[in-house]
Structures are given as structure tokens and as C-alpha cells.
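Novice: Structure in C-alpha cells, see below.
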Amino acid sequence: MNANLHNIKVQPLIHFSTEKVTVCMLRLDLLHPVVSGNKWFKLKYYLQEALASCKTTLASFGGAYSNHIVATAFAAREAGLNSIGFIRGELADKLSPTLANAMDYGMQLVFVERNRYRHKELIILENDNPDYYWIREGGYGLLGAKGAADILSTADTSTFSHMICASGTGTMMAGLIKGCIPGQQVIGISVLKNNFSIEEELKSLLTLEEKERSFSLIHDYHFGGYGKHPEELIQFMRETWQLEELPTDIVYTSKVLFAVKNLIANSYFADGSRLLIIHSGGLQGNCSLPPNTLPFS
Ligand SMILES: *Cc1c(COP(=O)(O)O)cnc(C)c1O
């Protein structure tokens with residue numbers, strides 16, 4: 001799967017750093033304008049397995065602005081595979097830019113009414129096809145975590161004390177726990193409201209030894225829930241752009257940055273800590289906002 005891995009860089013965040021705590025960002029968003037960030041890493045080994053087992057089609061799930069859906073469509077096309085996306089909700093008058101992109105990459109879209117969408121096993125049963133390679137929503141799973149572990153080898157990450165990421169399914173965080181070195185701590189900022197089951201879902205992707213490593217999930221920065229983006233968050237995104245020339249997305253990376261700023265202000269980190277925040281991409285999701293809401297696109 002081709003992407004511009006050499007574009008990834010570590011950006012020091014001067015205005016987030018203090019005398020005591022250094023903050024840097026690993027810019028996975030620079031991989032590709034649409035298929036950016038962690039989804040590319042999470043798909044890597046699923047794709048390998050699909051090809052090795054001679055499947056012809058990647059099949060997966062997602063909403064109208066899903067980073068995972070558009071990444072799956074792109075990855076399939078790159079690998080010479082077909083793709084089919086089961087999309088939550090009815091087809092609106094106009095396709096979202098995300099779904100229009102996915103279609104451009106060749107994905108077949110199937111719209112599934114919300115109540116039925118909850119029952120993924122039924123959708124899989126009803127659409128059973130030996131040529132399909134099914135990937136869980138958001139890329140959750142062991143191979144996804146294995147791919148995410150590779151995130152930490154895209155740059156020299158050995159000098160950091162903490163790796164911090166946004167967590168939806170917890171797959172990326174599991175990968176960071178797998179990929180970190182002894183002494184490093186992994187922190188996940190959950191972007192869903194009260195999603196406490198993520199802890200067990202995350203642990204089920206770890207070996208016994210990995211479960212002993214140092215990691216924690218923080219549930220205080222969801223801003224009202226998944227995809228919720230009150231004006232306070234939007235304003236913070238504008239400031240972050242002005243101060244650091246750093247684009248963020250409304251679902252994940254703005255919330256993790258806000259959390260870090262707040263945690264530093266509350267002296268959460270010991271003096272001398274060196275934080276590496278993962279910019280996991282997702283910028284295409286901002287297309288759900290009214291035009292010109294943000295000073296970057
Ligand atoms: C999907 C996604 C996440 C969450 O990753 P999980 O592995 O599901 O926890 C974080 N950031 C971005 C930009 C994403 O698209």
C-alpha cells in the first residue's frame with residue numbers, strides 16, 4: 001500500500017510546551033490528504049491477509065463521514081481489490097464528501113437503516129460472500145493493532161516519556177502499547193462519552209506481558225460525545241492553527257490536544273516529561289462543518 005511515509009515528521013509544539021514539559025506531535029496526517037493517519041496503518045495487515053487468502057473484496061462499515069470507510073476504499077483500490085461499504089443511515093439527498101471520495105475510489109455503497117446497522121453480524125450473514133474479506137468498524141482488531149504499532153517506527157520516538165492518542169475503538173492505543181519501549185507510558189483520550197467498555201476491548205488486543213505495561217485511558221475530554229464539537233472546541237482549533245500552524249479535526253485530534261493542554265495546566269505530568277501526541281489524521285471529517293468554519297481546510 002503506497003503512501004508518503006517519508007512525509008511524516010515530528011513537529012515541536014512551542015506554544016503547548018512549558019519550561020517543564022516538552023510537547024511534540026507526530027504528523028501522520030501528512031501521509032495523504034484524504035487517507036491520512038492511523039487508518040492507513042490499521043489496514044495494512046488486514047489487506048495483506050485479504051490478498052493472501054485470495055479474497056477479491058474488502059467489506060466494512062461506517063458512517064457518512066467515516067475516516068475508516070474512505071481509507072478502506074483507497075486501500076482496496078491500491079491493492080487491486082474491490083470494496084463495499086455498509087453505511088449507517090439512509091442515503092441523503094446529496095452524498096457527503098467522504099462518501100463521494102469513497103465512491104471515486106471505487107467503493108460500492110450500501111445504505112443500512114440505523115436500527116439494522118447496529119446488528120453487524122446480521123448484515124454479514126445476509127451478505128455472506130466467499131470473496132469478501134470483512135473488516136470490523138473502525139478497523140478494530142488484532143491485525144489493526146499490529147499495524148498501529150508500526151506508527152512508532154515512522155520517526156525516532158525513543159526519547160519521549162509519553163505517547164498520547166485519541167481513542168475510539170482503542171485499536172491504535174493498543175498498537176502504541178505494543179510498539180513502545182520500556183519506561184514509556186501510553187495515554188488514550190476517549191472521544192466517546194462514558195465508553196468505559198473500551199478498557200476491556202483494548203486489553204483483549206494485548207498479550208499478558210503487554211497488559212502489564214504502563215497505560216491509562218482518560219474519559220474527561222469527549223466534549224459531549226462522539227462527533228460533538230461545541231464552539232469552545234472550534235475556537236480552540238482556530239487558536240491551535242494560528243499558534244502552531246497545526247490543522248486538527250473535530251472528532252479526534254482537537255480533543256486530544258485540548259486534553260494535553262488541560263492536563264499540563266493541572267500539573268498532570270512530572271517535570272521533564274516529553275510528550276509525543278499522535279496526529280492520527282482525520283482532517284477530511286471537517287468537511288461536515290459549514291464552509292469557512294475553520295481557517296484551514
Ligand atoms: C479512527 C480514528 C481514531 C481512533 O482510533 P481507534 O484505533 O479506533 O481508537 C483516532 N484518530 C483518527 C483521526 C481516526 O480516524
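The values are calculated or read from the model by the stated rules, or taken from the named source; none is laboratory data. Keep in mind the model is a prediction, meaning the values are calculated, not measured. Glycine gets a Cβ as well: all are built from the backbone with ideal geometry, and neighbour counts include every protein chain shown.
Novice: May I ask you to say which residue of SER190, SER214, SER197 is of a type outside the set (Lys, Arg), more than 10 Å from the ligand (Cβ to nearest atom) and touching a strand residue (DSSP E or B) at 6+ places or on another chain (Cβ under 6 Å)?
Specialist: Testing whether each residue is of a type outside the set (Lys, Arg), more than 10 Å from the ligand (Cβ to nearest atom) and touching a strand residue (DSSP E or B) at 6+ places or on another chain (Cβ under 6 Å) leaves just SER214.
Novice: Could you tell me how many of the residues in the stretch 143-168 are outside any helix (DSSP H, G or I) and either within 22 Å of ALA52 (Cα to Cα) or among the acidic types (Asp, Glu) (or both)? Let's see the steps before the verdict.
Specialist: Looking only at the stretch 143-168, we keep the residues that are outside any helix (DSSP H, G or I), and these are 154-168.
Subsequent filtering for residues that are either within 22 Å of ALA52 (Cα to Cα) or among the acidic types (Asp, Glu) (or both) retains 156.
So the answer is 1.
Novice: (1) buried (at least 22 other Cβ atoms within 10 Å of the Cβ); (2) farther than 23 Å from ASN67 by Cα; (3) basic (Lys, Arg): which one isn't true of LYS261, the others all being true?
Specialist: (1)
Novice: I've got another one for you. Please state which of the following conditions LEU276 fails to meet, knowing it meets all the rest: (1) surrounded by fewer than 22 Cβ atoms within 10 Å (Cβ to Cβ); (2) more than 11 Å from the ligand (Cβ to nearest atom).
Specialist: With (1) surrounded by fewer than 22 Cβ atoms within 10 Å (Cβ to Cβ); (2) more than 11 Å from the ligand (Cβ to nearest atom) applied to LEU276, the lone miss is (1).
Novice: Of everything in the stretch 30-43, what is in a helix (DSSP H, G or I) and near the ligand (Cβ under 8 Å from one of its atoms)? Give them in sequence order.
Specialist: ASN38, LYS39, LYS42, listed by residue number.
Novice: Scan THR171, THR207 and give me the residue that is touching a Gly at 6+ places or on another chain (Cβ under 8 Å) and closer than 23 Å to GLN48 by Cα. Don't jump to the end; show me each part of the working.
Specialist: Working: THR207 fails: touching a Gly at 6+ places or on another chain (Cβ under 8 Å).
From the options THR171, THR207, the qualifying one is THR171.
Novice: Give the number of residues within the stretch 206-236 that are under 16 Å from VAL191 (Cβ atoms) and either in a loop (DSSP other than H, G, I, E, B) or in contact with an Asp or Glu (Cβ under 7 Å, 6 or more places away or on another chain) (or both).
Specialist: Selection size over the stretch 206-236: 13.
Novice: For a quick check of your reading of the model, give me the residue pairs whose first member lies in the stretch 232-246 and is hydroxyl-bearing (Ser, Thr, Tyr), whose second is crowded, with 18+ Cβ neighbours inside 10 Å and not in a loop (DSSP other than H, G, I, E, B), with beta-carbon atoms closer than 8 Å and at least 6 apart or on different chains.
Specialist: Between residues of the stretch 232-246 that are hydroxyl-bearing (Ser, Thr, Tyr) and residues that are crowded, with 18+ Cβ neighbours inside 10 Å and not in a loop (DSSP other than H, G, I, E, B), the close pairs are THR240/SER254; THR240/LEU257.
Novice: Here is a further query. Going by the structure shown, is PHE223 more than 30 Å from SER158 (Cβ to Cβ), out of contact with any strand residue (DSSP E or B) (no Cβ under 8 Å at 6 or more places or on another chain) and at pLDDT 95 or above?
Specialist: Numbers: more than 30 Å from SER158 (Cβ to Cβ): yes; out of contact with any strand residue (DSSP E or B) (no Cβ under 8 Å at 6 or more places or on another chain): yes; at pLDDT 95 or above: yes.
Judged against the criteria, PHE223 is a match.
Novice: Could you tell me how many of the residues in the stretch 44-93 are in a loop (DSSP other than H, G, I, E, B) and aliphatic (A, V, I, L, M)?
Specialist: Total satisfying the criteria: 5.
Novice: Name the residue, out of ALA50, ALA76, that is in contact with a strand residue (DSSP E or B) (Cβ under 8 Å, 6 or more places away or on another chain), crowded, with 19+ Cβ neighbours inside 10 Å and in contact (Cβ under 8 Å) with a residue 60 or more places away in the chain.
Specialist: Going through ALA50, ALA76 in turn, just one is in contact with a strand residue (DSSP E or B) (Cβ under 8 Å, 6 or more places away or on another chain), crowded, with 19+ Cβ neighbours inside 10 Å and in contact (Cβ under 8 Å) with a residue 60 or more places away in the chain: ALA50.
Novice: Kindly indicate which of GLY281, GLY285 is assigned to a helix (DSSP H, G or I) and in contact with a Gly (Cβ under 9 Å, 6 or more places away or on another chain).
Specialist: The conditions single out GLY285.
Novice: Six or more apart or on different chains, Cβ under 8 Å: which pairs go from a residue in the stretch 126-142 that's assigned to a loop (DSSP other than H, G, I, E, B) to one that's charged (D, E, K, R)? Could you list them?
Specialist: Pairs that qualify, where the first residue is assigned to a loop (DSSP other than H, G, I, E, B) and the partner is charged (D, E, K, R), are ASP131/LYS55; ARG136/LYS120; TYR140/GLU201.
Novice: For the stretch 53-73, enumerate the residues that are out of contact with any helix residue (DSSP H, G or I) (no Cβ under 7 Å at 6 or more places or on another chain) and touching a residue at least 24 places away in the same chain (Cβ under 8 Å).
Specialist: Hits for the stretch 53-73 are SER53, LYS55, THR56, THR57, ALA59, GLY63.
Novice: While we're here: In the stretch 125-169, what residues are surrounded by 16 or more Cβ atoms within 10 Å (Cβ to Cβ), more than 16 Å from the ligand (Cβ to nearest atom) and within 15 Å of SER60 (Cα to Cα)?
Specialist: If the condition is that a residue be surrounded by 16 or more Cβ atoms within 10 Å (Cβ to Cβ), more than 16 Å from the ligand (Cβ to nearest atom) and within 15 Å of SER60 (Cα to Cα), then TYR132, TYR133, TRP134 are the ones that fit.
To keep it simple, each residue is scored yes or no on (1) of a type in the set (D, E, K, R); (2) assigned by TED's automatic domain parsing to the domain that holds GLU244; (3) modelled with pLDDT under 95; (4) in contact with a His (Cβ under 9 Å, 6 or more places away or on another chain).
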residue: VAL10; (1), (2), (3), (4): no, yes, no, no
residue: HIS15; (1), (2), (3), (4): no, yes, no, no
residue: THR22; (1), (2), (3), (4): no, yes, no, no
residue: TYR45; (1), (2), (3), (4): no, no, no, no
residue: THR56; (1), (2), (3), (4): no, no, no, no
residue: SER60; (1), (2), (3), (4): no, no, no, yes
residue: ILE69; (1), (2), (3), (4): no, no, no, no
